[in-house]
Structures are given as structure tokens and as C-alpha cells.
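*Asks:* One structure is given below, represented as C-alpha cells, and several questions about it will come after.
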Amino acid sequence: MLHFDTPIFFLLIPFLILLMAYLKIRDNKRRKSLIGFPQYMLLDNLKKSKKIKFYPIIKIINCLILLLFVIALARPQIGSKTEDVLNQGTDIIIALDVSSSMEALDFEPINRLEAAKKTAIDFVRSRKYDRIGIVLFSGLAFTQAPLTNDMKTIVRLLSFATTRMVSVDGTAIGSAIVTACNRLKDSEAKGKVIILITDGANNIGEVDPITAAEIAKKINVKIYAIGAGSPDGAYYQIMDPVEGRKLVKVAEQELDEETLTEIAESTGGKYFRANNTKMLEDIIKQIDKMEKTKISSINFTSYYEIYDKFVILILILLLLNLFLENILFRKLT
């Protein structure tokens, strides 16, 4: 953002224009008053230098020098806009199931996991003032990203998530909630939220989901649980020793909606069922609206001087002017 600290000096520009116009008129009057001598007609027959057509460049340079001088007097400054947030947003952990069942091909564009990743990334990009972290879980749960407001990093890490990131397969929902709570327990944010996305039932881990939900409730963490999967079952890509890769349809696996509902509602959150990508996107949009925090902020701009750049440019033009007048255009015929 360009700013002038002493713009009053721009009032010199009309004065300079009038002065230049006056000098031009005066020169024209003097030229008309000169007495013509016949001998001067001989000069018209002399071959003129081709440089003469470039002579007006000197006048243009002089005008630029005057203009830049006025701009330098006005003290040009460049400002950078800064926004200070007065109150914190929400701290959110996205707990994403990366078990092998998330490879089911009932969600677009590829499978459940890719749909969940895309939807989560869109959600992250919409949260300007929050801190977001990632917990990935299968048979084990681990923190992929601690709470941060570096949304570019969160988006990148989400895009890297695969079903092969955890050595133990399974669905450790309780462990995922506890791991997320460990990241939120010291948070001073007004809102603390876990968005849990899974397609199964808790079948492994040292902590059962209900106990984990009680821990979340004690530290004021709200859980939004999303059960992913079509009730009609889904196709899976398998490797057949004879036929090679092929698709096999599997009936709906056990999605423990009762437990997921209890987990969510006991913490003040809500359970959602997503049968396809569109439903998943709509659910995330609902959660986004439900967890919006009113943010107070102050905008201010800090400036630094750049008039010295104009002074340097003036000096360069002055040197150029001296070169043109005293060397290049010294003899024009």
C-alpha cells in the first residue's frame, strides 16, 4: 500500500506546469522577435544529424526530474497491513480413520478415505482463525500434526494420509479420542472440538470409546462423530491369486452408530451418518456453521520510507541529462 507522509508538496505540480508553460510562451515570443538574415538560409542546405530528432528526450528527462523531486518531497512510504486477532478461535482435532476398510469404493472420487480427506481439507481451508491438528488411527492412534494455525501444513499432511500408515489394522476409536484429548487438554481456546470420522466399530485399543468420551467431557471437549459408509455395502479391490486384481462387493460392515451417538451427545456434540460424498460434504458444512466463533480483530498498517529510491532515480536522470547535453547531443549538425 503506497502512502505519502507529506502530500502537501503535490501542490507544487500545478505551479511547475504553469512555470513551464510560461517559459515556453516566452521562448516562442523571443524567437518571433529575432531578425532574420539571408545568410542563415544557407544553413538549411546543411545535412543535419539524425540525432536531432532525439533531442526532445532532454526536455522529457527534465520534466521527470522535477516530478520525481516533488514525489520525493512528499515522502512516499510503503505499508504492510497487519491484523491482530483479539480473541482466539476454536481448537479442532480431526481424528481420521485410516483402517483398511476406508478403501471401500462407495464414495467418490476414489474411496471413503479420499472423500474424507478432500472434505476435511475443504473444512480446514475455511477456518481462518482456528488452530487445527490431525490424529490418524487404525489399530493404533498417533498425532500426525499438533494444533497449529499453519493451514498449508495441515492440508499437506491430510493429503498424505493413507491406509498403510499404521502397522496394526483395526479401529481403535477410544485410543483416537484419548490421543486427541491429550492435544486439547492444555488449550485455552473458547471452543475445543474433535471431528471423528470412521466407518467401523471399536475393536482394538486399551481405552473403550465411552470412557474416552468421559475424559473429553471433563476437559470440555466436544465431539462430532461421522459414520461413513453406504448401508447397501461397498465394493473392495482385492488381489485374487488366479484372476489378479478384482472388485468384490461386501455387505455393510459393522458401524457402531449407537456408540458413536453416545460419544457425541455425551460431550455436547452430534452424530452424523454419511452414506456418500455429498452427505459427507453437507455434514462438514453443518459442523463448520455450528462451530463458528465471533472474532474481534484490529487492522493496522506499518510504513517504511522509500523516498531514497526516488532520490537515487533523480541522480541517475541528472547524470543521463549531463551525458546527453554535453556528449551525445553536443554537435547535432
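*Asks:* I'd like to check something: does region 102-123 contain any residue that is aromatic (Phe, Trp, Tyr), under 25 Å from residue 187 (Cα atoms) and out of contact with any Phe, Trp or Tyr (no Cβ under 8 Å at 6 or more places or on another chain)?
*Replies:* Filtering region 102-123 down to residues aromatic (Phe, Trp, Tyr) leaves 107, 123.
Those still in the list that are under 25 Å from residue 187 (Cα atoms) too: 123.
Okay, now just the ones that are also out of contact with any Phe, Trp or Tyr (no Cβ under 8 Å at 6 or more places or on another chain), so 123.
The answer is yes, given that some residue of region 102-123 is aromatic (Phe, Trp, Tyr), under 25 Å from residue 187 (Cα atoms) and out of contact with any Phe, Trp or Tyr (no Cβ under 8 Å at 6 or more places or on another chain).
*Asks:* I'm told residue 143 meets every condition in (1) within 19 Å of residue 275 (Cα to Cα); (2) touching a Lys or Arg at 6+ places or on another chain (Cβ under 8 Å); (3) modelled with pLDDT of 95 or more except one. Can you identify the failing condition by its number?
*Replies:* It fails just one condition, (1).
*Asks:* Residue 118 - would you say it is within 18 Å of residue 280 (Cα to Cα), out of contact with any Asp or Glu (no Cβ under 7 Å at 6 or more places or on another chain) and not in a strand (DSSP E or B)?
*Replies:* Considered against the rule, which asks whether it is within 18 Å of residue 280 (Cα to Cα), out of contact with any Asp or Glu (no Cβ under 7 Å at 6 or more places or on another chain) and not in a strand (DSSP E or B), residue 118 comes out as yes.
*Asks:* Next question, about the same structure. Which numbered condition trips up residue 79, out of (1) among the small types (Gly, Ala, Ser); (2) modelled with pLDDT of 90 or more; (3) outside any helix (DSSP H, G or I); (4) touching a Phe, Trp or Tyr at 6+ places or on another chain (Cβ under 8 Å)?
*Replies:* (2)
*Asks:* Could you tell me whether region 176-194 includes any residue that is of a type in the set (Gly, Ala, Ser), within 23 Å of the chain's Cα centre (by Cα) and outside any loop (DSSP other than H, G, I, E, B)?
*Replies:* Scanning region 176-194 turns up no residue that is of a type in the set (Gly, Ala, Ser), within 23 Å of the chain's Cα centre (by Cα) and outside any loop (DSSP other than H, G, I, E, B).
*Asks:* Take the conditions surrounded by fewer than 23 Cβ atoms within 10 Å (Cβ to Cβ), within 28 Å of the chain's Cα centre (by Cα) and assigned by TED's automatic domain parsing to the domain that holds residue 283 and apply them to residue 112. Does it pass? Can you show your working first?
*Replies:* Details: surrounded by fewer than 23 Cβ atoms within 10 Å (Cβ to Cβ): no; within 28 Å of the chain's Cα centre (by Cα): yes; assigned by TED's automatic domain parsing to the domain that holds residue 283: yes.
In short, no.
*Asks:* What is the residue count in region 249-296 for residues that are touching a Lys or Arg at 6+ places or on another chain (Cβ under 7 Å), modelled with pLDDT of 90 or more and farther than 24 Å from residue 214 by Cα?
*Replies:* Taking region 249-296 as the starting set, the residues that turn out to be touching a Lys or Arg at 6+ places or on another chain (Cβ under 7 Å) are 257, 264, 266-269, 293.
Right, trim to modelled with pLDDT of 90 or more and you get 257, 264, 266-269.
Still in the running and farther than 24 Å from residue 214 by Cα: none.
Total meeting the criteria: 0.
The values are calculated or read from the model by the stated rules, or taken from the named source; none is laboratory data. As the structure is a prediction and not an experimental result, all values here were calculated from the model. Counting neighbours? That spans all protein chains shown, and the Cβs are built from the backbone with ideal geometry, glycine included.
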